[in-house]
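Taking it in order: structure first as structure tokens, then the write-up.
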Amino acid sequence: MKLDLTIDQVKEKLEKLYMPHEIDQAIELIKEIRDLKKQKNAVILGHNYMTPDVFYGVSDYVGDSLGLAKKAAEVQADIILFNGVHFMAETASILNPDKKVLIADLEAGCSLAESITADDVRKLKQQYPGVPVVTYINCSAEVKAETDVCCTSANALKIVESIDSDTIIFLPDVYLGKNIQKFTNKKLILWDKGKCMVHEQYTKEDIEYYRKQFNDLLVIAHPECNTDVTEASDFTGSTSQMADFIKNHPQKNVLLVTECSMADNLRSEFPDRNFIGTCHTCPHMKKITLPKIRDALLYEQYEVKVPEEIAEKARKSILRMFEISYQKVK
Ligand code: 13P
Ligand code: SF4
């Protein structure tokens, strides 16, 4: 989704979420970052888990992993600054070998991406010869290079169903895999070590607890949650699909079973709703802050670059995902 807010509109978005002095400080930095963006011909992509000051203040495009990867493949700019985590910037770099791709903090990782190496994938391929590999986009470029097709939380079932094989190695998110397994007859070989450190914390008891308090409660979960959590929810989808679902469901009370900033960003989009104030924070996403974004543009740091021999193979698995995901249904 494209964002093109004036400074006054940004202030309005932040008003109910921050103290006045925090808004003043944020606006100073936002103006500085906007000027640098123009000077450097840079585009900023912002994941839905960015804090509202970053999300509304400086992003040109916001969205989920799929939407932002697609946008990264299309944008015309000299610099792409990815406000998200490292694997997202790496994906942008794989798709743009000639552009400078930056991330404001190289330590913004992901527990899922860290759970598996390219060597692990090679061993699995030896163990299951000829079985295709579908990998969640939350993984390193080296892992993508060993993969037949990538997927995201928005298209995982579609990708799995499109593969001409009864058995698929599905990596690394074990819970996403289990959530997909419920809707496909294909056998998925899963990777037990792959878990999101944020979503694995939710339990079905959490949901039951809030259902007792709000009888109209709309519960929306991310598929990185365990299956008992998604089963106790009304809808499961990617971060952008969550927002779309709310648009079409009028319940006043909404529980988002996902990272905290998601609800903060949606509060201003849906002022008539009550987002239940419970959530877990992703320490990686939270490493991206306005001062670091300013420095990233000012000093053109930190560049994320994938060696071409890895990027070439990884690119195929991402482009294959786009091809399947955006295929027109006849
Ligand atoms: P989405 O693709 O749904 O935005 O998810 C990315 C992610 O890292 C969720 O934890
Ligand atoms: Fe990774 Fe989970 Fe953070 Fe998303 S929320 S970036 S899956 S650790």
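Just so it is clear, none of the values below were taken in a lab; they were calculated from the coordinates. No experiment lies behind these values; they were computed from the predicted model shown. Quick reminder, even Gly has a Cβ in these numbers, built from the backbone with ideal geometry, and neighbours come from all protein chains shown.
Observations, loosely collected:
- For the chain, the share of DSSP beta bridges that are antiparallel, to the nearest 5, is 5%.
- Our estimate of slack between L17 and I189, defined as 0.36 nm per intervening residue step minus the Cα-Cα distance, is 57.6 nm.
- Selected from H249, H47, H280 as most flexible by GNM, with the chain as the system and alpha-carbon contacts under 10 Å: H249
- Antiparallel DSSP beta bridges within segment 1-143, percent to nearest 5: 10 percent
- Rounded to whole numbers, the Karplus 3J(HN,Hα) couplings from phi for segment 42-59 are 10, 10, 10, 9, x, 6, 4, 8, 5, 5, x, 5, 6, 4, 7, x, 10, 6 Hz, using 6.51 cos²θ - 1.76 cosθ + 1.60 with θ = phi - 60°, and x at Gly and Pro.
- Taking θ as phi - 60° and the Karplus parameters 6.51, -1.76 and 1.60, the scalar couplings of segment 295-308 work out to 5, 4, 6, 4, 9, 6, 10, 9, 6, 10, 9, 9, x, 4 Hz in sequence order, x denoting glycine and proline.
- Distant-in-sequence amide H partners of Y136 (H built 1.01 Å from N, under 5 Å): C151, L171, D173
- Taking amide hydrogens as placed 1.01 Å from N in the peptide plane, the amide H of L218 sits under 5 Å from those of N253, V254, L255, each at least 5 positions away in sequence or on another chain.
- Separation in nanometres of the label points that stand 7 Å from Cα toward Cβ, at F322 and T203: 4.4 nm
- Orphan Cys of the chain, criterion: no other Cys C-beta under 4.7 Å: C110, C139, C150, C151, C196, C225, C282
- D (Stokes-Einstein, µm²/s), Kirkwood Cα radius, segment 115-265, 1.567 mPa s at 4 °C: 80 µm²/s
- Unit charges on C-beta of K, R, D, E only; dipole of the chain, Debye: 640 debye
- FRET E, pair D164, Q127, Förster distance 25 Å, beta-carbon r, rounded to 0.05: 0.75
- Spin-label pair A73-K38: with each label point 7 Å from Cα along the Cα-Cβ axis, the two points sit 3.3 nm from one another.
- Separation of alpha-carbon centers, segment 195-227 and segment 284-302, rounded to whole Å: 32 Å
- Normalised size of segment 198-330, defined as Cα radius of gyration per 2.2 N^0.38 Å with N residues, equals 1.32.
- Geometric extent, Cα atoms of the chain - Rg, Dmax (angstrom): 19.6, 60
- Pair E308, Q213: separation of 7 Å Cα→Cβ label points (nm): 5.6 nm
- Backbone HN-Hα couplings from phi across segment 218-224 [Karplus 6.51/-1.76/1.60, Hz, Gly and Pro as x]: 9, 10, 10, 10, 8, x, 7
- Net charge contributed by nearby residues that have their C-beta within less than 12 Å of V75 (K/R +1, D/E -1): +1
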